[in-house]
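Notes for the one structure printed next.
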Amino acid sequence: MRVLGIESSCDETGVALVDASGAGTPRLLAHALHSQIAMHQAYGGVVPELASRDHIRRVLPLTREVMQQAGCRLQDIDLVAYTQGPGLAGALLVGAGVAVSLAAALERPTLAVHHLEGHLLSPFLSADPPEFPFVALLVSGGHTQLMRVDGVGVYELLGETIDDAAGEAFDKSAKLLGLPYPGGPHLARLAEQGDPTAFALPRPLLHSGKPDFSFAGLKTAVLTQVRRLGEGITDAQRADLAASTQAAIVEVLVKKSLLALKESGLRRLVVAGGVGANKRLREQLDAQCARRGVRVHYPELHLCTDNGAMIAMAAALRLRAGLARTETSGAFEVRPRWDLAAA
Ligand code: KG4
Ligand code: ZN
């Protein structure tokens, strides 16, 4: 059973082929990715219409590349999976439309996948996949959630952000510091040269006693500091502010993850989504979890941000769990807003 996965929910076109034959964890045969970051950088953020048009240009060449890499023909595909949501409506429609058309031409079924479920199950693409049950920290540009995961499709939301996502906090603070889009990795790089204790920035809801988050106030605090320092801001001060911002976000993410682990009594943590690539977050989580006898699993670094492999893997795992509702009618819809717990 070979599953093709197509991801097009935001600013990355990802295509991958997974082999789900046999009883073991499905295996990644090939994947290809095109990031639109360079194209959107001039605008300081994702321009939805440009994103859709670029997905159209990239998706078929990427599919050909994947099939060539895997040494397979299109006829070898048994199922075409695609991201149904959440994401940008136009961008999702490209992936869904291509997936359904390709499946119809090949006379194969399709399977609609939740983008966050893709992130959540992406550590199964690593050499050391996690065992159920675990707590998942989902930290991307649009979402920040803690979930209890008892199996494929068995997700309980423990807490989430009441305003901005962690990735958004990284991106917005980076923009205030004059860094290019998407700011997260740039801010992280600048932070390496700064002092994380230089600025006392807020850690909203840190002591709420619940696994919830709020990052909007942090962005305002960074803005206040940037305005106070004005045009005379030095490179050292920018690095200090970047390091202090990163420290504030990471401290909240670590503390809330530990709270969710303690409350659920679970001893395994899975970190997924773009912010999961952050080095300081990984270091702090590793140190704190090691002290408590908790194992932490991450997706491979290059599979933290959006990609087609996680969509193909989620489809393969859902299929194996008997949860997949495959479609052969050629009808499809996208779900730009879609709750994972209701998926
Ligand atoms: O999961 P993802 O690729 O897309 C969404 O589904 O949103 O996550 C993208 C987010 C962006 O906000 C980006 O700035 C952030 O992940 N990100 C990072 C790092 N790498 C990516 N944030 C902090 N440190 C990083 N190294
Ligand atoms: Zn994502």
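Per-structure values
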| quantity | calculated |
| --- | --- |
| Any hit, segment 153-168, residues being of a type in the set (Val, Ile, Thr) and away from ligand 1 (no atom under 16 Å from the Cβ) | yes |
| Positions within segment 106-139 being closer than 22 Å to Arg335 by Cα, among the polar types (S, T, N, Q) and touching a Pro at 6+ places or on another chain (Cβ under 8 Å), in sequence order | Ser122 |
| Residues within segment 95-129 that are open to solvent by 20 Å² or more (accessible area, probe 1.4 Å), more than 16 Å from ligand 1 (Cβ to nearest atom) and either of a type in the set (A, V, I, L, M) or assigned to a strand (DSSP E or B) (or both), tallied | 7 |
| Count - residues of segment 130-174 that are assigned to a loop (DSSP other than H, G, I, E, B) and over 18 Å from the mean Cα position of the chain (by Cα) | 4 |
| Output for segment 142-152, where each listed residue is open to solvent by 20 Å² or more (accessible area, probe 1.4 Å), in contact (Cβ under 8 Å) with a residue 40 or more places away in the chain and away from ligand 2 (no atom under 12 Å from the Cβ) | Arg148, Val152 |
| Which numbered condition Ser9 misses (of (1) part of a loop (DSSP other than H, G, I, E, B); (2) touching a helix residue (DSSP H, G or I) at 6+ places or on another chain (Cβ under 9 Å); (3) open to solvent by 10 Å² or more (accessible area, probe 1.4 Å)) | (3) |
| Those residues of segment 131-141 which are open to solvent by 10 Å² or more (accessible area, probe 1.4 Å) and either touching a residue at least 60 places away in the same chain (Cβ under 8 Å) or of a type in the set (Val, Ile, Thr) (or both), in sequence order | Glu131, Pro133, Ser140, Gly141 |
| Some residue of segment 135-152 being touching an Asp or Glu at 6+ places or on another chain (Cβ under 9 Å), β-branched (Val, Ile, Thr) and assigned by TED's automatic domain parsing to the domain that holds Leu323 | no |
| Residue match in segment 8-26 (condition: touching a Lys or Arg at 6+ places or on another chain (Cβ under 9 Å), at positive phi and within 16 Å of ligand 1 (Cβ to nearest atom)) | no |
| Residue ID - farthest from Leu158 (Cα to Cα), chosen from residues in segment 178-214 that are open to solvent by 60 Å² or more (accessible area, probe 1.4 Å) and not in a loop (DSSP other than H, G, I, E, B) | Arg189 |
| Among residues of segment 155-171, those that are charged (D, E, K, R) and surrounded by fewer than 20 Cβ atoms within 10 Å (Cβ to Cβ), counted | 3 |
| Residue among Leu28, Leu33 that alone is closer than 13 Å to Gly308 by Cα and out of contact with any Asp or Glu (no Cβ under 7 Å at 6 or more places or on another chain) | Leu28 |
| Helices (runs of 4 or more DSSP H) wholly inside segment 215-333 that include at least 2 residues being open to solvent by 20 Å² or more (accessible area, probe 1.4 Å) and of a type in the set (Ser, Thr, Tyr) | 216-229 |
| All positions within segment 11-37 that are within 14 Å of ligand 2 (Cβ to nearest atom) and either of a type in the set (S, T, N, Q) or farther than 14 Å from Val59 by Cβ (or both) | Thr13, Ser35, Gln36, Ile37 |
| Scan of segment 33-86 for residues that are surrounded by fewer than 21 Cβ atoms within 10 Å (Cβ to Cβ) and of a type in the set (Ser, Thr, Tyr), ordered by number | Ser35, Tyr43, Ser52 |
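Table: residues versus (1) of a type in the set (D, E, K, R); (2) on the phi < 0 side of the Ramachandran plot.
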position: Ser52; (1), (2): no, yes
position: Arg58; (1), (2): yes, yes
position: Ile77; (1), (2): no, yes
position: Tyr82; (1), (2): no, yes
position: Gly85; (1), (2): no, no
position: Gly95; (1), (2): no, yes
position: Leu102; (1), (2): no, yes
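The values are calculated or read from the model by the stated rules, or taken from the named source; none is laboratory data. Everything quoted here is computed from the prediction, not taken from an experiment. FYI the Cβ positions are ideal-geometry reconstructions off the backbone, even for glycines, and counts take in every protein chain you see. Please note that ligands, DNA and RNA were not included when accessible areas were found on the heavy atoms of the full protein model with its side chains. Shrake-Rupley method; radii C 1.70, N 1.55, O 1.52, S 1.80 Å.
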